[in-house]
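The values are calculated or read from the model by the stated rules, or taken from the named source; none is laboratory data. Everything numeric in this text was worked out from a predicted model, so none of it was measured. Note: ideal-geometry Cβ built from the backbone for every residue, glycine included; neighbour counts use all protein chains shown. Just the protein is used for accessible areas: all its heavy atoms, side chains included, with ligands, DNA and RNA removed. Shrake-Rupley method; radii C 1.70, N 1.55, O 1.52, S 1.80 Å.
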Amino acid sequence: MKRVASIPTVAAAMFAGCCPCRHLTIGVHDSVRIETVVQTELMPDTVLVEVPVEVVRQTVRDTTSHLETSFALSEARINPDGSLYHSLENKAQERPVAIEKEVVCRDSIVYRDRETENIIEVPRPPTWWQQMQIRGFWVLLALLLIACRKQIAALGKQIIG
C-alpha cells in the first residue's frame with residue numbers, strides 16, 4: 001500500500017516545477033574604442049664615456065717641451081746628451097657626459113560603450129497548475145491542522161496548565 005501511495009507523490013513532485021519569468025530584449029549595441037596617446041620628451045641624462053689609455057712620447061733638442069691632455073700624467077727630463085725626454089700617459093677612467101635622452105610614453109585608453117535600447121518585461125499570469133499548487137498548499141495545511149487537532153489541544157493544555 002505504501003508503494004501505491006508513493007507513486008502519486010513522486011509524480012506530483014516531478015510536475016511541481018515552476019518556470020522562470022521571460023524577458024523580451026529588443027536590441028543591444030556594443031562598441032569598443034581605443035585611444036592611444038604617444039608623448040615624446042627629452043630628458044637630461046648622464047652617460048659614462050670610457051677614456052682609452054693613450055701614450056704620447058716626444059724627444060726634442062730644446063730646453064722645454066710641452067705635452068697636454070685633459071686626463072694625463074706628464075714626465076719631463078733632460079737626457080745626458082742634452083736632449084729633453086717628455087712622456088704623457090692618460091689614466092684609464094670613465095668620464096660623465098650630459099646628454100638629452102628621448103623618452104617615449106605610450107598610453108592607451110579603452111572605451112567600451114554598451115547601449116541597450118529597450119528591455120521589455122513580459123508579465124504573465126500564473127498557469128492553472130501554479131494556481132492549483134497555491135490553493136493546494138492551503139488545503140493541505142487545513143487538513144493537517146484538522147488531523148492533528150487533538151495533539152495541538154493537548155500541547156496547549158500542557159503549556160497553560
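Quick notes on this structure:
- Rolling a 1.4 Å probe over the protein heavy atoms of segment 82-161, with every protein chain left in place, gives an accessible area that is 62 percent carbon and sulfur.
- Mean separation of Cα contacts under 8 Å (6+ apart) over length of segment 30-161, as relative contact order %: 32
- Summarising the amide proton neighbourhood of residue 54: residues at separation of 5 or more, or on other chains, whose placed amide H is nearer than 5 Å comprise 90.
- Near residue 67, no amide H atom lies under 5 Å from its own; only residues 5 or more places off or on other chains count, and H is placed 1.01 Å from N.
- Loop sites in segment 37-119: chymotrypsin sites (Phe, Trp or Tyr not before Pro), DSSP, at most 16 other Cβ within 10 Å: 71
- Segment 36-76 - percent of accessible surface contributed by carbon and sulfur, probe 1.4 Å: 52
- In the context of the full set of protein chains, segment 42-157 has a per residue accessible area of 86 Å² (1.4 Å probe).
- For segment 105-114, the Karplus equation 6.51 cos²θ - 1.76 cosθ + 1.60, evaluated at θ = phi - 60°, returns couplings of 10, 10, 9, 10, 10, 9, 9, 10, 9, 10 Hz by residue, with Gly and Pro reported as x.
- Amide H within-cut-off set for residue 85, under 5 Å, with H built and near neighbours excluded: 77, 78, 79
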